[in-house]
Amino acid sequence: MPQRGLSRIELLQGTLDLIILQTLRWGPRHGYGIAQIIRSTSSETFQIETGSLYPALHRLERAKLIASSWDTSDKGQRVKNYELTAAGKKQLQAERSRWEQLASTMATLLNTPLGADS
Amino acid sequence: MSRRDRDLDDEIAAHLRMAIEERMARGESRADAERAARRELGNVAHVKEVTREQHAGLWLERLGQDVRYAIRSFAKNPGFTSVVIATLALGIGVNAAIFTIAYGVLLRPLDYPRPEQLMYLTAESPVTGNTQNALSAPEYAEFRQMNRSFAEVGAYETGGAAYTTGEVNLAAGDRPLRARSISVDAHLLKALAIQPEQGRLFTDEETARWTGTLPPPIAMLSHELWRTAFGGRPLVGQKVEIEGRPHEIVGIMPAGADVMDNHTQVWLPLWLHPNMARQRGSHVLYVIARLKDGVTAKLAQTELSTFLENWGDHAGTRDHVPTNRPLRPTDHSLQLRTLQDAIVGGARRPIWVLQAAVGFVLLVVCANLANLMIARAASRRREFVLRAALGASRGRLLRQSITEAAMMSGAGGILGVWLADAGVRALIHAYPTSVPRTSELAIDLPVLLVALALSIATALLFGFVSLGRGPTSSMATALKEGARAASGGQRHRARRALVIAQVACAVMLVIGAALLLRTVYNLKRFDAGFDRSRLVTFSMTLPMGSGEPETRAQVYQRVLDRLRSVPGVLGTVAMSGLPPNRSPDAISTPIENYTSDDGRHSEIIDYYQFVMGGGDYFGTMGIPIVAGRGFEPTDNASQGKVAIVNETFVKKVWKGQNPIGQRVRPPGWTFGANDDVWHTVIGVAKDVRQRGVDRPAGAELYVSLDQHRVAPPSMNVVLRTTLPPAALSGTIERVVREVDAAVPVVRLRDMDSVFAESIRRPRLLAQLLGAFAGLALLLAALGTYGVLSYTVTERRREIGIRIALGAARSQVLTQIMRQGLQVTALGVAIGLAGALAVNRLIASLLFGVQPTDAVTMAFVIATITTVALVASCLPAWRASRVDPNVVLRDE
């Protein structure tokens, strides 16, 4: 059902953006490559539909966090490569620290016993 | 297809290819690999669509798509589309038309430099109800001298007892022409800051020298008259004959220049007869003043109040000076208002009432269209659901709906503006003087902006409504069950609410229209004090320079004598002021053995009526004499002069005494005589409404000029005849030409037309409001019909089963009818409540009928109920005809 995919994009928007930026940290990649890395590294924890990837890529490109260029792959195919821009690198830093802060806060919160304050 | 779209296609294709290659490398078959890769990616069209939406720059392209799609869907449904566009055009058209008037008349600043600085000064006599009167010449001079707030104070005068009657005879080429005139002083032109297009303005010297018997022979022409009557040839410095006297044209006014919406064609120097210029009782000058820079209207008002505290000390007299506390009938106060307010005057409220009325019409139109859209949304539900399944996002569908609505609103708006333009033109053409400032009316930018705003607002409304409660809410069920399952309950409640709102709006409009129609009927039927059937009237003005009062009397006498001998003419008289729409005189008149409340031996008489053919006057006019007798031919031979007064005069002056035999002394200069002589009252006439049938009659004095053998320049001739004015016009023209070829016959018409003219504004208001109410009523009836038809269609199955189980068809019929009436009753109740809440708005526009008039309300309820019954009939009949066999087989 298309609707599930659509709502999944909305749900994970911020997270997915962060993952994409992180993936591009080591250099340019095309859409299929990004999808492969996400799938292999997250080991199916995130069920990101490949379909949500492209809207996210185009959104990030429009926000000038990543840039794209057409290239020819080693098999002679025309592919579209994405790479981080300077703004994208900065955004990645900011998002990472924000995410880490959120994660540690959540951990503290979840580990504090109920009624510990009173 | 754009480059971006191609790139996206390539990108997705590359993705799929790589995925397939990788899976095949892992040993999957091509078919399996393809299937798996596609499943992994998801709905390709949808992915593309969502990805494309990340680029907002695409909106233009998508708009093109939406527009193409909308046109296709319109073409499939031409009937629906044209009904919607026509309804919208009507709704937006009436609003744009009335707003054109509201903006042009009420809101647009006057065409003078710094118009907000211009103020209008009037005399108010609250005790007698005589408001917005002119000032006396001494008052004007004193105010000019006392004030510190104004940069310039000027005066003008258009008629009454002075130089002209607001119109002059003008010789352009060889034919006499009647032109609208105004007499202004140099100060007024400075206050208004008008610059001449050619030549010069009047000088102080020329407009303040009130000596001798005639004003200086100079004039200025309006740009328009100069173009039409003189072909725009060089005229400054040349002589043109005005009122039979050569006048030097000193200047040409710029196009559109005017004072107080007078439609001025000829500008003359202000001049008063020296006697009148001294009279405190003669209120003849209208005063316009320009505030100094930085002085507010409020400050000027405060200053005026201070003057009014002790005006008498300054003027050196207690006699007839303005005061802050007018307590007696003779007292008056002065009041400042902005010039724009003064020009708009009584037109303000009717225009806002109309604006409110068309607002209601637009609401009814919107409700009707919303209803149509809901019905259509139900039938398009499948289409939207299908498109959503094929990958259209919800936002995209909403956008599509709004595009369709915007296109229809746009078309409706354009048509509406065109309709408004045509309507306003037709209105001005048909009623050139019913609305002030009509010469400046045009559909300009603010009107277009309002029409645009209305179109956008309605477009948004439809767009949302037609999408209904959203196709994505229960997509799967909708797809399964199709259009039939459209969540009936809520939808139906919404439609009923819309119809109730429509009926309520229609009720309010119909009540307003009915009250105004009653008003017009009352005004028409109102007894103005004389018998107006079979009266024909025209007026003529004798050149002022060419004859003495005695010569003028002979000319008029000859005209009257000749007309009297025309077959079919029963009586012919002439009078100075034509009821029921003349201007007041307000002349201070000495009365024998009389002392007024403030110790004067005279009284202000509102109207002087100078009559010729006096022996016939009251008989010809059909004015009853209630005491004493009318004029008789023998009076003319006797030495003692006689006069007749009206009932109000008697009530005002001789309370409880016998008026017959009392004496009054009207000033001779008012009618062209040299001396003031005592007149003996010989009779009392019934009151005649002189200045509008809805205004109370004032004190009136009738003087027969046959006794004095003099006449003022302008007279109104009235004939009682069995012939229509058209049949008489040739004869009248010939008679007047034979007596004096230079005098044009003007305003030849029957007295019924004179009355129609006097009630033109309420009648126009009633007609427009009636048209709007009719429109609203029609739309409400269509709405009722629509919602009932929909109910019947929806409940066909239930009705079929009930009939199959033995319900009588008449029961079904009554049930549906009852539903229609329930909706109507609710609407009527809300409408009545609304009408009662806003009736103060129109109370002041009514005459002889209360805003809560029970008969009118009953009539309106009956009308609406009848309309609702008719609208419910067809659906109810259809319901009762439902064939259970057919319905149940359909299941």
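The values are calculated or read from the model by the stated rules, or taken from the named source; none is laboratory data. The model shown is predicted, which means the values in this text are computed figures rather than measured ones. All Cβ positions, glycine included, derive from the backbone under ideal geometry; neighbour counts span all protein chains shown. When the accessible area is computed, the model is the full protein with side chains, heavy atoms only, and any ligands, DNA or RNA have been set aside. Shrake-Rupley method; radii C 1.70, N 1.55, O 1.52, S 1.80 Å.
Residue A:13: modelled with pLDDT of 80 or more and within 12 Å of chain B (Cβ to nearest Cβ), yes or no?
Numbers: modelled with pLDDT of 80 or more: no; within 12 Å of chain B (Cβ to nearest Cβ): yes.
Answer is no for this residue.
Just one of the numbered conditions (1) of a type in the set (Ser, Thr, Tyr); (2) modelled with pLDDT of 90 or more; (3) open to solvent by less than 50 Å² (accessible area, probe 1.4 Å); (4) out of contact with any strand residue (DSSP E or B) (no Cβ under 8 Å at 6 or more places or on another chain) is not true of residue B:317; which one?
Condition not satisfied by residue B:317: (2).
Residue by residue through segment B:260-278, note down the ones that are within 20 Å of residue B:321 (Cα to Cα) and open to solvent by 10 Å² or more (accessible area, probe 1.4 Å). Break it down into steps so the answer makes sense when it comes.
Step one: of segment B:260-278, the residues within 20 Å of residue B:321 (Cα to Cα) are B:272, B:274-278.
Correct list: B:274, B:275, B:277, B:278.
Test each condition in (1) over 23 Å from residue B:124 (Cα atoms); (2) open to solvent by 20 Å² or more (accessible area, probe 1.4 Å) for residue B:583 and report the one that comes out false.
So the condition that residue B:583 fails would be (1).
Please pick out the residue among B:84, B:94, B:47 that is within 14 Å of residue A:53 (Cα to Cα) and surrounded by 16 or more Cβ atoms within 10 Å (Cβ to Cβ).
On the way: B:84 fails: within 14 Å of residue A:53 (Cα to Cα); B:94 fails: within 14 Å of residue A:53 (Cα to Cα).
Among B:84, B:94, B:47, only B:47 is within 14 Å of residue A:53 (Cα to Cα) and surrounded by 16 or more Cβ atoms within 10 Å (Cβ to Cβ).
Residue B:399: of a type outside the set (A, V, I, L, M, F, W, C) and touching a residue at least 12 places away in the same chain (Cβ under 8 Å), yes or no?
Working: of a type outside the set (A, V, I, L, M, F, W, C): yes; touching a residue at least 12 places away in the same chain (Cβ under 8 Å): yes.
So residue B:399 fits the description; yes.
For segment B:359-410, enumerate the residues that are polar (S, T, N, Q), crowded, with 19+ Cβ neighbours inside 10 Å and closer than 23 Å to residue B:788 by Cβ.
Residues satisfying the conditions are B:368, B:371.
Residue B:536 fails exactly one of the following numbered conditions: (1) touching a Pro at 6+ places or on another chain (Cβ under 7 Å); (2) surrounded by fewer than 16 Cβ atoms within 10 Å (Cβ to Cβ). What is the number of that condition?
(2)
Would you pick out the residues in segment B:662-694 that are open to solvent by 50 Å² or more (accessible area, probe 1.4 Å), out of contact with any Pro (no Cβ under 8 Å at 6 or more places or on another chain), assigned to a loop (DSSP other than H, G, I, E, B) and not aromatic (Phe, Trp, Tyr)?
Passing the criteria: B:674, B:675, B:677, B:694.
Pairs, please: C-beta under 6 Å, at least 6 apart or cross-chain, first residue on the phi > 0 side of the Ramachandran plot and in segment B:276-299, second of a type in the set (Gly, Ala, Ser)?
No pair meets every condition.
Name every residue in segment B:595-633 that is among the aromatic types (Phe, Trp, Tyr), over 23 Å from residue B:275 (Cα atoms) and touching a helix residue (DSSP H, G or I) at 6+ places or on another chain (Cβ under 9 Å), in order of residue number. Talk me through it step by step, then tell me what you get.
Residues of segment B:595-633 that are among the aromatic types (Phe, Trp, Tyr), as a first pass: B:607-608, B:610, B:617-618, B:631.
With the extra rule that they be over 23 Å from residue B:275 (Cα atoms), the set shrinks to B:617-618, B:631.
B:631, the sole residue that qualifies.
Look through segment A:30-71, keep the residues that are more than 7 Å from chain B (Cβ to nearest Cβ), at pLDDT 80 or above and exposed (fewer than 14 other Cβ atoms within 10 Å of the Cβ), and return whichever of them is farthest from residue B:53 (Cα to Cα).
Looking at residues that are more than 7 Å from chain B (Cβ to nearest Cβ), at pLDDT 80 or above and exposed (fewer than 14 other Cβ atoms within 10 Å of the Cβ), I get A:71.
Which ranges mark the strands (runs of 3 or more DSSP E) fully within segment B:695-782 that have 2 or more residues being modelled with pLDDT of 85 or more, more than 30 Å from residue B:360 (Cα to Cα) and within 32 Å of the chain's Cα centre (by Cα)? So that I can check it myself, show each step before the final result.
Numbers: elements: B:700-704, B:714-721, B:746-750.
It comes to B:714-721, B:746-750.
Go through segment B:221-248 residue by residue and tally those that are open to solvent by less than 20 Å² (accessible area, probe 1.4 Å) and assigned to a strand (DSSP E or B).
So the answer is 4.
Out of (1) open to solvent by 30 Å² or more (accessible area, probe 1.4 Å); (2) among the charged types (D, E, K, R); (3) within 35 Å of the chain's Cα centre (by Cα), what's the single condition that is false for residue B:309?
(3) is the only condition that residue B:309 fails.
Just to be sure, is residue B:628 without any contact (Cβ under 8 Å) to a residue 24 or more places away in the chain, closer than 21 Å to residue B:592 by Cα and either surrounded by 16 or more Cβ atoms within 10 Å (Cβ to Cβ) or among the hydroxyl-bearing types (Ser, Thr, Tyr) (or both)?
no
For a quick check of your reading: which strands (runs of 3 or more DSSP E) sit entirely within segment B:130-220 and have at least 3 residues that are in contact (Cβ under 8 Å) with a residue 24 or more places away in the chain and open to solvent by less than 60 Å² (accessible area, probe 1.4 Å)?
On the way: elements: B:130-133, B:150-157, B:167-172, B:175-184.
By residue number, B:150-157, B:167-172, B:175-184.
So which of B:495, B:525, B:518, B:562 is surrounded by 17 or more Cβ atoms within 10 Å (Cβ to Cβ) and at pLDDT below 90?
After applying the criteria, what remains is B:495.
When the residues of segment B:250-259 are narrowed to those that are among the β-branched types (Val, Ile, Thr) and at pLDDT 95 or above, which ends up surrounded by the fewest Cβ atoms within 10 Å (Cβ to Cβ)?
To start, the set of residues in segment B:250-259 that are among the β-branched types (Val, Ile, Thr) comprises B:250, B:252, B:259.
Narrowing the set further to residues that are at pLDDT 95 or above leaves B:250, B:252.
Numbers: B:250: 22, B:252: 24.
My answer is B:250.
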